[in-house]
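Asks: Structure provided below as structure tokens; questions to follow.
The values are calculated or read from the model by the stated rules, or taken from the named source; none is laboratory data. All figures in this text were calculated on a predicted structure; none of them were measured in a lab. Using ideal geometry, Cβ is built from the backbone for each residue, glycine included, and neighbour counts are taken over all protein chains shown.
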Amino acid sequence: MRAWATCGFITIVLLVGLFGSEGLARRTYLDADQKAKLDAIQTILIQVLALTEHGKVDGTVIENVVRQRLEELGYTVVTSRDAPYDVRVNVKCEEQKTWSGTTRAGGDADQIGSPSRLWKGPACLFSYQLDGRDLGWNKEARTKFEDSGQAAQAANAPQSGPYAIQELAERIREFDFPVMLAAEWGQNTRLFNLLNNPQTPNKRKIRILSLMPQVQSQQYIPLLKELIQDPEIAQEAIVALSSAGSEAIPLLTEIFHSQKDSAIRAAAAKGLGEIASLTGDPNITPPMLAYVVESLSHIKTSSDIDFPVMTEVVWSLGKLRNAKAIAPIYELENKIWVIHDNSKEMAELREATSWTYKQIEMDSQIQ
């Protein structure tokens, strides 16, 4: 069972390495001119298609919401193809979603808001075209219900199609596709202004922070230091520090050592692990390894383990694969497997430890 779990996690990590960071693989195919055009996008042409089971219907309600949401971020929106524009954003809304095939390599299959092949209910698919070229970015907003007929009947709506379209419009009011687009296009300034605006709700700040490893901009560090003080978004802000790369290691290490809250320390360890996977910076190893070595001296039962912190520390060590971690990780693995504990937390730690040991051992043998 342990071998099967280890293989499974190795497979997952390899896939994350290939397709993990949102938009990363896809953007490598863009030339300098295309990247410059994405960064300079200001005027957006929106094209809305609304379909019910009885055919095409008026999509004005969708168009108005999409326009409003984009204008909130300072974009100029046009709806006529004859008007000049920088990029075309397509929104296809359906009462019953039609399957459109598997996601292409380098797409967004593992990202929040990505199209679900299992969903058959009402959905709006967002995509965009630059110079007439589809760049493979797709996001999907879905209603809370899958059966539009039953939902319309429960709401005393006369027809399921118009009801589904109206409900999709309400969903788009909450679906933060404008922030996703700004991150996709690398428009850091727009995201920075939103984070720095005291009127921006925490929910939106969290969405931006979740996209920051994709944006990878060091200008966010001073602001992130402030956001860490907000307990509602502290964990997301700490993990987002990884977007600054090696420059964030001292700050994350300080947070890891100085904070007593397990969730905060675990977030710091996770952030260090993200930097390890992106940069291979060896400065990450000492604080993570020291934590494991110190913990080993008093681990006798499950109560001696801070599971959130230890699990993230082990994952981080596995991403850097330093040979010095082989012995401590091996000892940790032996200790936790003899402790009688079938909890979810222990299972996650065992999986992380098995994967990390295999990664480090394999890497040392190759060297």
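Asks: Here are some residues: MET346, MET310, MET288. Which one is assigned by TED's automatic domain parsing to the domain that holds GLU232 and either surrounded by fewer than 19 Cβ atoms within 10 Å (Cβ to Cβ) or not in a helix (DSSP H, G or I) (or both)?
Replies: MET346
Asks: Another one. Taking segment 316-328 as the region of interest, how many residues are buried (at least 24 other Cβ atoms within 10 Å of the Cβ) and either closer than 20 Å to ILE339 by Cα or at pLDDT 95 or above (or both)?
Replies: 0
Here's the yes/no breakdown for (1) in a helix (DSSP H, G or I); (2) touching a residue at least 60 places away in the same chain (Cβ under 8 Å):
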{"residue": "ASN156", "(1), (2)": "no, no"}
{"residue": "ILE165", "(1), (2)": "yes, yes"}
{"residue": "ILE172", "(1), (2)": "yes, yes"}
{"residue": "THR189", "(1), (2)": "yes, no"}
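Asks: To continue, here is another question. Name the single residue that is surrounded by the fewest Cβ atoms within 10 Å (Cβ to Cβ) among those in segment 33-59 being farther than 18 Å from PHE177 by Cβ and of a type in the set (S, T, N, Q).
Replies: Filtering segment 33-59 for residues that are farther than 18 Å from PHE177 by Cβ and of a type in the set (S, T, N, Q), the one surrounded by the fewest Cβ atoms within 10 Å (Cβ to Cβ) comes out as GLN34.
Asks: With the condition being at pLDDT below 95, of a type in the set (Val, Ile, Thr) and under 25 Å from LEU191 (Cβ atoms), I'd like the helices (runs of 4 or more DSSP H) fully within segment 1-120 carrying at least 3 qualifying residues.
Replies: Output list is empty.
Asks: For segment 124-131, check the following and say yes or no: at least one residue is more than 29 Å from ARG81 (Cβ to Cβ), modelled with pLDDT under 95 and in contact with a helix residue (DSSP H, G or I) (Cβ under 8 Å, 6 or more places away or on another chain).
Replies: For segment 124-131, residues more than 29 Å from ARG81 (Cβ to Cβ), modelled with pLDDT under 95 and in contact with a helix residue (DSSP H, G or I) (Cβ under 8 Å, 6 or more places away or on another chain): absent.
Asks: Checking LEU191 against (1) farther than 20 Å from VAL66 by Cα; (2) not assigned by TED's automatic domain parsing to the domain that holds VAL91, which test does it fail?
Replies: (1)
Asks: Could you grab me the full set of residues in segment 126-136 that are crowded, with 19+ Cβ neighbours inside 10 Å and either in contact (Cβ under 8 Å) with a residue 60 or more places away in the chain or not assigned by TED's automatic domain parsing to the domain that holds ILE44 (or both)?
Replies: Of everything in segment 126-136, just one residue is crowded, with 19+ Cβ neighbours inside 10 Å and either in contact (Cβ under 8 Å) with a residue 60 or more places away in the chain or not assigned by TED's automatic domain parsing to the domain that holds ILE44 (or both), namely LEU135.
Asks: Among the residues of segment 291-307, write down those that are part of a loop (DSSP other than H, G, I, E, B) and aliphatic (A, V, I, L, M).
Replies: Result: ILE299, ILE305.
Asks: For SER258, which of the numbered conditions (1) hydroxyl-bearing (Ser, Thr, Tyr); (2) within 23 Å of LYS225 (Cβ to Cβ); (3) touching a residue at least 24 places away in the same chain (Cβ under 8 Å) fails to hold?
Replies: Exception for SER258: condition (3).
Asks: Check whether at least one residue in segment 171-188 is surrounded by fewer than 20 Cβ atoms within 10 Å (Cβ to Cβ), over 21 Å from the mean Cα position of the chain (by Cα) and within 21 Å of ALA50 (Cα to Cα), and report yes or no.
Replies: no
Asks: Another question, then. Scan ALA123, ALA155, ALA141 and give me the residue that is assigned by TED's automatic domain parsing to the domain that holds LEU49, over 21 Å from the mean Cα position of the chain (by Cα) and under 30 Å from THR60 (Cα atoms).
Replies: Only one candidate qualifies: ALA155.
Asks: Being out of contact with any Lys or Arg (no Cβ under 6 Å at 6 or more places or on another chain) and either surrounded by fewer than 20 Cβ atoms within 10 Å (Cβ to Cβ) or polar (S, T, N, Q) (or both) is the filter here; which residues of segment 294-307 pass it?
Replies: If the condition is that a residue be out of contact with any Lys or Arg (no Cβ under 6 Å at 6 or more places or on another chain) and either surrounded by fewer than 20 Cβ atoms within 10 Å (Cβ to Cβ) or polar (S, T, N, Q) (or both), then GLU294, SER295, LEU296, SER297, HIS298, LYS300, THR301, SER302, SER303, ASP304, ASP306, PHE307 are the ones that fit.
Asks: A further question follows. Given the conditions (1) surrounded by 19 or more Cβ atoms within 10 Å (Cβ to Cβ); (2) modelled with pLDDT under 90, which single one is not true for ALA352?
Replies: With respect to (1) surrounded by 19 or more Cβ atoms within 10 Å (Cβ to Cβ); (2) modelled with pLDDT under 90, ALA352 is out only on (2).
Asks: Let me ask something else. Could you say whether any residue in segment 197-204 is under 26 Å from GLU71 (Cβ atoms), out of contact with any strand residue (DSSP E or B) (no Cβ under 7 Å at 6 or more places or on another chain) and buried (at least 20 other Cβ atoms within 10 Å of the Cβ)?
Replies: no
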